[in-house]
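**Q** My questions will all concern the structure given below.
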Amino acid sequence: MKHRQLNLDLFDDADVQYSPNVLAAVEALAIENGTQMRGAIFTRIEVVDFILDLVGYTEDQPLHKKRLLEPAAGGGDFLLQAIGRLLTAWRASKSRASVVDGIGDAIRAIELHRETFTATRTSVLQRLIQEGIAELSASTLVDRWLVQGDFLLEHLEGQFDFVVGNPPYVRQELIPASLLAEYRRRYQTLYDRADLYIPFIEHSLLALAEGGSLGFICADRWMKNRYGAPLRNLIADRFHLKVFVDMVDTPAFYSEVTAYPAITVISREKPGTTRIAHRPSINRSTLVALAKELTGNHFSKTGGAVRELALVPNQTEPWLFETPDQVNFIRRLERQFPTLEEVGCKVGIGVATGADKAFIGDFDALDVEPDRKLPLATTADIQSGQVKWHGRGVINPFEDDGTLVDLHYYPRLRNYLSARRDMIANRHCALKMPANWYRTIDRITPSLANRAKLLIPDIKGDAHIVYEHGRLYPHHNLYFITSETWDLRALQAVLLSGIARLFVATYSTKMRGGYLRFQAQYLRRIRIPRWQDVPENLRVELITAANGRDLQACNSVVSRLYDLTYDEQLVLVGNGE
């Protein structure tokens, strides 16, 4: 994957003029009342203080001589805590300068949503007055510190020693097209389907002074997913990932969130080791102690809640935070063995229709021509580890060559689809191509149903690999593997061992409850020997173990197949069922 060199000149133009459409889009977001559109999630004070500690924004530092940026001020969660620390540090310095001259340049906070900005401005003003600052000086400070506007379009004067916050979690689909195009012009990490927090991180990193630190709490998807690759590359080239704290399943926010959060501290300095902690208790005393362990000069490699890994960022590659034994094991397999697809296996995903209620139903009851429907495999059919078909079917509107069938020649299919036209024709894919209104989102290739395949559910705690003889077409929440070379029963044994979970657990993002995403992008990373290199006796043992679904036997034969050391066997079993 090639990525463009970042054009920093874009951020030096304070006089850039935006089109009326861009300005209208910004204004619409500024008055938007829905929290989903704004990506507004509020961080607990204990977590705010933890992040301020991690980046070094502490009262024992000359904070009045430093600059702090909060790119999405929201209700002032970070801003108000930072102000308290700033005032304490300034007073301790016994500076003779006026309060405006002394700390007027110390903070810059930006908020797009106008109503939120106004409320936060009032809160900050009241806080300063409560701290004994005269109302005129307090008002002057607030006007210098706070900016109402779009951070991603904001020209930033100078550089900052600290950037902290909780950037908005907003999907691209919610951004007006003209504004999204402008974001894409400015931010070269806004790649593929990246969420809005990605360019927030880019803009913030490039605003850091030498030696400055960014501390954000936001979704962790970008650290391993495809769309995060350009941002990971930027960080690997020019920054130091100092701290990673997994916050999944912790009450880090005042409301429930669907995102999987993590705290990252990234500094503008030479790359080095990363200190890692997982899911701390959200109380002040625990987080204070953890911050000291994560940032202290002396690090104990034994015991404690913190681990240390060398050079986690590696160009565009996903970030691996697993134990050194697990990472070393993965790296050894990657050096020695080819990928699944390199040995002749194909990884794919089942059909997405966009209107399952219309395209899927009881197979026998689907009133279309016999060659216009296929028996469908769903997750319910493979829950037991073997296929037990529940009788569902899917409509197939495609010819074998991938073109849509002519409904004139299929009157039963035409009548079936026409009766459900409102549901089918209102899908996004149908609105884009009205003439093809009756196609499923994904093309259906009927020959796949007749091929033996391994079926793998998307979300599972452990590898759930089911052999399907060649009768059913997979639904979209099932991934499948076919092979021209490997015996699929033997391959099933390899994947039922800890090998599949090892790779998926290492490369996939984690979900609540310990579940993993067994998606194609992660399955394709699995390394296996070439079939011609597998000895005959191991072939027989693999097939026998799979037929008996004997996981212990699968792990045993796989240990010999990969010539695993004792320590690698322990890692394998630890990632198995």
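**Q** What is the helix-to-structure angle for 77-93, meaning the angle in degrees between its Cα long axis and the longest Cα principal axis of the chain, kept from 0 to 90 and rounded to the nearest 10?
**A** The angle comes out near 30 degrees.
**Q** With the Cα gyration tensor of segment 196-281 in hand, give its eigenvalues times 5 under a square root as the equivalent ellipsoid semi-axes, listed largest first in whole angstrom. Display every interim value, and only then the final one.
**A** Working: eigenvalues 95, 43, 29 Å².
Sorted largest first and rounded, they come to 22, 15, 12 Å.
**Q** Here is a further query. Quick one: helix 135-145 against the long Cα principal axis of the chain, what's the angle to the nearest 10°, folded into 0 to 90?
**A** 40 degrees
**Q** Past the 16 angstrom mark, what percentage of all C-alpha to C-alpha distances in segment 306-354 do you count?
**A** Values: 716 of 1176 pairs.
For segment 306-354, the share of Cα pairs beyond 16 Å comes to 61 percent.
**Q** Report, in cubic angstrom per residue, the convex hull volume of the C-alpha atoms of segment 428-495.
**A** Numbers: hull volume 6.9 nm³, N = 68.
It is 102 Å³ per residue.
**Q** Could you work out the Kirkwood radius for segment 337-446, taking every pair of different alpha carbons, averaging 1/r and inverting it, reported in Å? Intermediate results must be reported in sequence, preceding the final value.
**A** Values: mean 1/r = 0.0653 Å⁻¹.
Its Kirkwood hydrodynamic radius stands at 15.3 Å.
**Q** With every protein chain kept in the model, how would you rank Y507, Y409, Y18 by accessible area, 1.4 Å probe, largest at the top? Don't skip to the end; give the middle numbers.
**A** Working: Y507 0, Y409 160, Y18 45 Å².
Sorted by accessible area, descending: Y409, Y18, Y507.
**Q** Next question. Would you rank S213, S123 by solvent-accessible area, highest first, keeping every protein chain in place and using a 1.4 Å probe? Please list the in-between numbers first.
**A** Numbers: S213 10, S123 45 Å².
Descending order: S123, S213.
**Q** Sticking with this one: Based on the alpha carbon coordinates of segment 94-200, what radius of gyration and maximum Cα-Cα distance (Dmax) apply, in Å?
**A** Answer for segment 94-200, Rg first and Dmax second: 16.9, 52 Å.
**Q** Same structure again: Would you grab the residues whose amide H sits under 5 Å from the one on I349? Only those 5+ places off in sequence or on another chain, please, with H modelled 1.01 Å from N.
**A** F480
**Q** Give the relative contact order (percent, whole number) for the chain; include only Cα pairs under 8 Å separated by 6+ residues. Write out the running numbers ahead of the final one.
**A** Details: 1043 pairs, mean separation 64.2, N = 577.
That works out to 11 percent.
**Q** Still on this structure: With Kirkwood's inverse mean 1/r over C-alpha pairs for Rh, give me the Rg to Rh ratio of segment 386-505, two decimals please. It would help to have the intermediate numbers written out before the result.
**A** Numbers: Rg = 17.7 Å, Rh = 16.7 Å.
Over the Cα atoms of segment 386-505, Rg/Rh equals 1.06.
**Q** Once Rh is set to the Kirkwood radius over Cα pairs, what Stokes-Einstein translational diffusion coefficient, in µm²/s, holds for the chain at a temperature of 4 °C and a viscosity of 1.567 mPa s? Write out the running numbers ahead of the final one.
**A** On the way: Rh = 26.9 Å.
Translational diffusion coefficient: 48 µm²/s.
**Q** Here is a follow-up. Taking amide H atoms as placed 1.01 Å from N in the peptide plane, list the residues 5 or more away in sequence, or in a different chain, whose amide H sits under 5 Å from that of G212.
**A** Answer set, sorted by chain and number: R268.
**Q** Provide the solvent-accessible area of W90, counting protein heavy atoms only and rolling a 1.4 Å probe, rounded to the nearest 10 Å².
**A** 40 Å²
**Q** Suppose accessible area is computed on protein heavy atoms with a 1.4 Å probe; arrange H203, H155 from highest to lowest. If you can, show how the numbers build up before the last one.
**A** Values: H203 10, H155 50 Å².
The most accessible residue leads, giving H155, H203.
**Q** So for each of 362-369, 552-559 I average, over its residues, the number of other beta carbons within 10 Å; can you give me the resulting order with the highest mean first? Spell out each step's value before the answer.
**A** Numbers: 362-369: 13.9, 552-559: 20.2.
The most tightly packed comes first, giving 552-559, 362-369.
**Q** A follow-up question, please. Show which aspartates and glutamates lie in cross-link reach of K242 when reach means a straight Cα distance below 19 angstrom and same-chain residues fewer than eight apart are skipped.
**A** D49, D53, D161, E202, E210, D220, E269, E293, E308, E317, E322
**Q** Which whole-angstrom value gives the distance between the alpha carbon centres of segment 482-538 and segment 189-264?
**A** 29 Å
**Q** Further question on the same structure: Can you pull the accessible area of I441 for me, 1.4 Å probe, Å² to the nearest 10?
**A** Surface accessible to solvent at I441 totals approximately 80 Å².
**Q** Can you return the lysines within cross-link range of K346? Criterion is Cα-Cα under 18 Å, with same-chain partners fewer than 8 residues away left out.
**A** Partners found: K453.
**Q** Using the Kirkwood formula over every pair of different C-alpha atoms, what hydrodynamic radius in Å results for segment 453-577?
**A** On the way: mean 1/r = 0.0682 Å⁻¹.
By the Kirkwood definition, the hydrodynamic radius is 14.7 Å.
**Q** If you roll a 1.4 Å probe over the heavy atoms of the protein chains, what accessible area per residue do you get for the chain, in Å²?
**A** Numbers: 25600 Å² over 577 residues.
Per residue, the chain has an accessible area of 44 Å².
**Q** Using a 1.4 Å probe on the protein heavy atoms only, what accessible surface does E468 show? Give it in Å² to the nearest 10.
**A** 10 Å²
**Q** By how many degrees, 0 to 90 and rounded to 10, does the Cα axis of helix 20-30 deviate from the longest principal axis of the chain?
**A** Relative to the chain, helix 20-30 is tipped by roughly 80 degrees.
**Q** On full extension of the chain, what length is gained from T565 through A352, given 0.36 nm per residue of separation minus the C-alpha to C-alpha distance?
**A** Result: 72.5 nm gained on full extension.
**Q** While we're here: Share of segment 157-234's accessible area from carbon and sulfur, percent, 1.4 Å?
**A** On the way: 1070 of 2190 Å².
Exposed carbon and sulfur together represent 49 percent of the surface.
**Q** Note the full-extension length gain between T323 and K432 as 0.36 nm times their separation in residues minus their Cα-Cα distance, in nm to one decimal.
**A** Numbers: separation 109, 0.36 × 109 = 39.24 nm, distance 4.70 nm.
Full-extension gain reported as 34.5 nm.
**Q** When the accessible area of segment 296-366 is computed with all protein chains present and a 1.4 Å probe, what percentage of it is carbon and sulfur? Walk me through the numbers on the way to the answer.
**A** Numbers: 1770 of 3630 Å².
The computed percentage sits at 49.
The values are calculated or read from the model by the stated rules, or taken from the named source; none is laboratory data. Nothing here was measured: the structure is a model prediction, and the numbers come from that model. Because the Cβ atoms are built from the backbone with ideal geometry, glycine has one as well, and the counts that use them run over all protein chains shown. The protein model used for the area step is the full one, side chains on, heavy atoms only, and it has no ligands, DNA or RNA in it. Shrake-Rupley method; radii C 1.70, N 1.55, O 1.52, S 1.80 Å.
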